[in-house]
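Colleague: Please read through the structure below; I'll follow up with questions.
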Amino acid sequence: MESNSKPRTAKPEWLKVRAPSGGEYHKIKGMLSSLGLATVCQEARCPNISECWGGGTATFMLMGEVCTRGCKFCAVKTGNPRGKIDEMEPEKVGYSISQMNLEYVVLTSVDRDDLPDQGANHFARTIKTIKKFSPRLIVEVLTPDFRGERPLVDLLVEAQPDVFAHNVETVERLQKKVRDPRAGYAQSLSVLKAVKEKDPSRYTKTSLMLGLGEEDPEVLQTLKDLRSIDCDVVTFGQYLQPTERHLKVEKYVTPEAFKKWQEIAESMGFLYVASGPLVRSSYRAGEFFMKGVINKNRLKEQEQQNVHRS
């Protein structure tokens, strides 16, 4: 009897990276472990973890390590956290950041459909706590979709993160194959649109995985849909199968193809595009750019305030 399973394709040379190492990496790993904090860098097995942790960037994963959804591409554990949440987590995250010499922090979280507000208040409190103790730190949030509930999205926008990210993950046709049934293309677009409607000054950002079986016209349509709602930043990265239980890679996209998508997206008016096999939604390349944009705007605001005072 023939097996219908498709053998795993060997990774090309451009996807091979060194194992995490370095003094700063081990220092941060030990501190986070002692405080019981999770980072998506570890949970999602990000290939850029040493580069980011060694360079002043970290991505904290709020509200535990168990997600109530089961997307078929994601390595994060899935299950029912049964309403459990660490009420001191915002303070723990704030303390960790003060010890890590960070310039840019990304806050993300598992989906928490088990909570009445899906964790939106906890998320917002963490942003405010960080802003209180580190007002110059740039804070990006990479949020769940909160089932598309506008008041919950508004709650996070009101906490004033510098960048509001939510990932559409893949093209519209592949959503049901790739994501949990409770997620969806239109729902994700509605989140990004709601952010701009609530506060046009917030930068919005999303990410697409390539190599899942998408066709070029579908990727192009996705970019058009994102620009129609004024999404500022898009990143492209290669989907990598985390375990045998997850979706297989349909194609390893070449660095040349990633460069092509970067050029196409830039020509469409995105403020910034990061595109490459190992790029992830909170990859440092985008952060370097966003730091420059945001700090420039902060300086302009400060100059305007000084003019008004004089």
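Rule-based calculations on the coordinates, nothing more; no lab input. Computed from a prediction, not measured in an experiment: that's the story for all the values here. Ideal geometry is used to build each Cβ from the backbone, glycine not excepted, and the neighbour counts take in all protein chains shown.
Colleague: As a footprinting exposure proxy, order Met290, Met100, Met88 by other Cβ within 10 Å, with the fewest listed first.
Modeller: Met88, Met100, Met290
Colleague: Lysines within cross-link reach of Lys291: Cα-Cα under 17 Å, excluding same-chain residues under 8 positions apart?
Modeller: Straight-distance partners of Lys291: Lys131, Lys205, Lys300.
Colleague: Another question about this same structure. What aspartates and glutamates does Lys77 reach when the alpha-carbon gap must be under 17 Å and sequence neighbours fewer than 8 apart in one chain are set aside?
Modeller: Straight-line reach from Lys77, under 17 Å: Glu43, Glu65, Asp111, Asp113, Asp114, Asp180, Glu244.
Colleague: Okay, next question. Holding the Cα-Cα limit at 18 Å, pick out from Lys196/Lys296; Lys176/Lys248; Lys177/Lys248 the pairs that are longer than that.
Modeller: Among Lys196/Lys296; Lys176/Lys248; Lys177/Lys248, the Cα-Cα distance tops 18 Å for Lys196/Lys296.
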